[in-house]
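The values are calculated or read from the model by the stated rules, or taken from the named source; none is laboratory data. The shown structure was predicted, so the numbers you read here are calculated from the model rather than taken from an experiment. Cβ placement follows ideal geometry from the backbone for every residue including glycine, while neighbour counts extend to all protein chains displayed. Heads up: the accessible areas ignore ligands, DNA and RNA and are worked out on the full protein's heavy atoms, side chains in. Shrake-Rupley method; radii C 1.70, N 1.55, O 1.52, S 1.80 Å.
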Amino acid sequence: MKKSSPMPKNVLIMGLGKTGKSAANFFAGMGIKTVGYDQNENCSLSGLPREMNIVLGRPPNVSSFDLVVPSPGIHPKTYTKARRVLGDIELSFRELNVPIIAVTGTNGKSTTVKLITDLLCSLGLRAKAGGNFGVPALSLLADDLDFAVLEVSSFQLETVEHFRPSVGILLNLSEDHLDRHGTFQNYARMKARIFHKQTKNDIAITSVDDRLCDRLAQEGDAVQLRFGKKEIYSSLNIPNSYMRDHKLNISGQNFSDKFEISKKFTEIIPIENFLASALALESLGISARNAFDKLGDFDPLPHRRTRTQLGNGVEIIDDSKATNPAAAKTAIELTRGPLIWIAGGRDKGTDFSDLALVAQTRAREAILYGEAAEKIGSALKDKISYVIVNDFEKAVAVACSRAERGDSILLAPACSSFDQFQNFEQRGQSFKKVAESVAIL
């Protein structure tokens with residue numbers, strides 16, 4: 001391993017999903033034998049090195065290993081007695097010999113990573129997305145790249161040591177994953193680790209609209225660039241990018257430009273994603289104008305406000321990825337016309353009161369399901385009418401039965417999917433399947 005201490009002699013890989021398998025093969029390629037652990041005794045072992053020792057169910061003694069490499073979903077309490085812990089983001093950083101653009105934040109990470117990657121590729125540059133979106137970060141080592149674009153979650157930032165992206169982006173911060181981090185302050189501190197090892201030769205990009213993000217970026221030594229959604233900041237010369245009349249205004253010490261963004265982009269991508277992406281390119285000496293000109297269509301990621309018109313004149317909007325109150329709030333605000341809102345799932349320890357105030361102004365009714373239904377219902381009390389059901393499919397069927405032609409049914413759960421589904425993708429697929437089947441009846 002480059003940029004590191006001596007090679008570990010024995011390594012424990014915790015979690016044998018995509019990330020764990022990429023780590024196992026990384027060490028196998030270096031001739032280092034590993035032990036693989038997964039709590040699920042029925043997990044798939046395909047794709048793992050043949051010589052790897054496998055432990056399922058009860059975890060081995062972590063203190064007997066030189067290095068523990070946990071997958072992001074493994075809770076830190078599982079490896080508190082480990083001698084040394086490094087995640088796949090740290091390991092990939094030590095091996096990648098190209099500039100790394102890293103994106104974190106509560107919402108919009110995947111869309112921003114995809115947009116940056118697509119913009120770079122539109123200019124013929126070899127760029128690939130990895131980390132929390134795309135392939136595991138260590139899988140990028142197999143590609144001949146000009147740039148690596150990584151989405152990094154708070155879970156992944158728990159296990160970095162010297163991680164130092166050439167460009168670090170913190171999009172926004174709101175309550176999320178408090179079931180893991182305990183407090184919002186701890187969650188924010190973990191996100192700030194994206195900046196901690198940066199130097200004056202690196203770039204930190206944050207939102208001037210979010211004072212906490214702005215302040216956290218200053219904890220590193222990177223050159224700070226800011227973007228702002230609010231036009232008022234443009235007259236104060238605070239942000240380095242903002243939007244006015246569909247035109248992106250961008251400026252920095254070594255760049256300045258103003259160009260129009262096509263409606264085919266602005267109608268499906270949040271403004272802040274444009275602003276952060278443009279700053280990232282320009283900070284690396286790449287023309288954002290040329291990249292947007294070259295970029296053809298941008299395919300939005302699934303389950304992020306995906307719209308489907310049903311045969312009965314009702315529109316369903318799948319925003320299953322809105323897994324926290326801030327994301328659900330945005331989804332509700334962007335929905336026009338009569339609205340029936342579906343929310344619920346597994347609570348991540350967040351507060352639903354602000355979300356309830358927005359729902360009060362926009363939603364006609366809420367259909368709540370799953371483990372968090374009662375908690376969301378308490379926040380909605382005396383604001384809008386709501387119905388609580390246990391099963392997600394029943395919640396969708398109830399929403400469809402109450403919808404009239406011209407209505408929108410919005411799935412913006414504000415919670416994780418793990419009470420009834422493996423992931424948010426499976427939840428979104430179920431939403432569409434049930435809604436379409438009910439509409440045919």
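So in segment 430-441, with the set limited to residues that are in a helix (DSSP H, G or I) and free of Cβ contacts under 8 Å to residues at least 40 places away in the same chain, which one is nearest to residue 177 (Cα to Cα)? If we take residues in segment 430-441 being in a helix (DSSP H, G or I) and free of Cβ contacts under 8 Å to residues at least 40 places away in the same chain, then 430 is nearest to residue 177 (Cα to Cα). Flag set for residue 41, criterion: part of a loop (DSSP other than H, G, I, E, B) and either farther than 20 Å from residue 163 by Cα or in contact (Cβ under 8 Å) with a residue 60 or more places away in the chain (or both).
Rundown of residues vs (1) touching a Phe, Trp or Tyr at 6+ places or on another chain (Cβ under 8 Å); (2) more than 23 Å from residue 176 (Cβ to Cβ); (3) modelled with pLDDT of 90 or more, yes/no style:
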{"residue": "291", "(1), (2), (3)": "no, yes, yes"}
{"residue": "311", "(1), (2), (3)": "no, yes, no"}
{"residue": "333", "(1), (2), (3)": "no, no, yes"}
{"residue": "346", "(1), (2), (3)": "yes, no, yes"}
{"residue": "363", "(1), (2), (3)": "yes, no, yes"}
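When restricted to residues that are part of a loop (DSSP other than H, G, I, E, B), open to solvent by 10 Å² or more (accessible area, probe 1.4 Å) and either touching a Leu at 6+ places or on another chain (Cβ under 8 Å) or not hydrophobic (A, V, I, L, M, F, W, C) (or both), segment 267-290 contains 5.
Return yes when residue 134 is under 29 Å from residue 274 (Cβ atoms), within 16 Å of the chain's Cα centre (by Cα), open to solvent by 10 Å² or more (accessible area, probe 1.4 Å) and without any contact (Cβ under 8 Å) to a residue 40 or more places away in the chain and no when it is not. Spelling it out, residue 134 is indeed under 29 Å from residue 274 (Cβ atoms), within 16 Å of the chain's Cα centre (by Cα), open to solvent by 10 Å² or more (accessible area, probe 1.4 Å) and without any contact (Cβ under 8 Å) to a residue 40 or more places away in the chain.
If you check 155, 93, 147 for being aromatic (Phe, Trp, Tyr) and within 19 Å of residue 288 (Cα to Cα), only one passes: 147.
Scoring residue 371 on the criteria (1) open to solvent by 60 Å² or more (accessible area, probe 1.4 Å); (2) assigned to a helix (DSSP H, G or I); (3) closer than 21 Å to residue 428 by Cα leaves a single failure, condition (2). Of everything in segment 51-62 that is open to solvent by 40 Å² or more (accessible area, probe 1.4 Å) and touching a helix residue (DSSP H, G or I) at 6+ places or on another chain (Cβ under 9 Å), the residue that is farthest from residue 22 (Cα to Cα) is 59.
Picking from residues in segment 146-159 that are part of a loop (DSSP other than H, G, I, E, B) and open to solvent by 20 Å² or more (accessible area, probe 1.4 Å), the one that is farthest from residue 107 (Cα to Cα) is 146.
Only residues that are over 16 Å from residue 127 (Cα atoms) and within 22 Å of the chain's Cα centre (by Cα) were counted in segment 246-296, giving 13.
Return the residues of segment 404-421 that are open to solvent by less than 20 Å² (accessible area, probe 1.4 Å) and either in a helix (DSSP H, G or I) or among the hydrophobic types (A, V, I, L, M, F, W, C) (or both); say none if nothing qualifies. 409, 410, 411, 412, 414, 415 - these are the residues of segment 404-421 that are open to solvent by less than 20 Å² (accessible area, probe 1.4 Å) and either in a helix (DSSP H, G or I) or among the hydrophobic types (A, V, I, L, M, F, W, C) (or both). One residue stands out in segment 26-48 among those that are crowded, with 16+ Cβ neighbours inside 10 Å and touching a helix residue (DSSP H, G or I) at 6+ places or on another chain (Cβ under 8 Å): the one that is farthest from residue 141 (Cα to Cα), namely 38. So, of the residues in segment 173-198 that are out of contact with any Asp or Glu (no Cβ under 8 Å at 6 or more places or on another chain) and outside any helix (DSSP H, G or I), which turns out to be most open to solvent (accessible area, probe 1.4 Å)? This residue is 197.
Conditions (1) farther than 18 Å from residue 272 by Cβ; (2) surrounded by 23 or more Cβ atoms within 10 Å (Cβ to Cβ); (3) in contact (Cβ under 8 Å) with a residue 12 or more places away in the chain, marked per residue:
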position	(1), (2), (3)
85	yes, no, yes
92	yes, yes, yes
102	no, yes, yes
123	yes, no, yes
144	yes, no, yes
171	no, yes, yes
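Beta carbons closer than 6 Å, at least 6 apart along the sequence or on distinct chains, pair a first residue in segment 254-266 that is free of Cβ contacts under 8 Å to residues at least 40 places away in the same chain and farther than 30 Å from residue 201 by Cα with a second that is open to solvent by less than 40 Å² (accessible area, probe 1.4 Å) and among the aromatic types (Phe, Trp, Tyr) for 265/298. Hey, among the residues in segment 1-16 that are open to solvent by less than 80 Å² (accessible area, probe 1.4 Å) and more than 18 Å from residue 60 (Cα to Cα), which one's modelled with the highest pLDDT? This residue is 1.
When residues in segment 211-226 are screened for being part of a loop (DSSP other than H, G, I, E, B) and open to solvent by 30 Å² or more (accessible area, probe 1.4 Å), 3 of them pass.
Residues in segment 291-333 that are touching a residue at least 60 places away in the same chain (Cβ under 8 Å), of a type in the set (D, E, K, R) and in a loop (DSSP other than H, G, I, E, B) were compared, and the one that is surrounded by the fewest Cβ atoms within 10 Å (Cβ to Cβ) is 304. Is at least one residue of segment 175-185 closer than 25 Å to residue 121 by Cβ, touching a residue at least 40 places away in the same chain (Cβ under 8 Å) and touching a Lys or Arg at 6+ places or on another chain (Cβ under 7 Å)? Scanning segment 175-185 turns up no residue that is closer than 25 Å to residue 121 by Cβ, touching a residue at least 40 places away in the same chain (Cβ under 8 Å) and touching a Lys or Arg at 6+ places or on another chain (Cβ under 7 Å). Among the residues of segment 374-403, those that are closer than 16 Å to residue 420 by Cβ, open to solvent by 10 Å² or more (accessible area, probe 1.4 Å) and in contact (Cβ under 8 Å) with a residue 40 or more places away in the chain comprise 393, 397.
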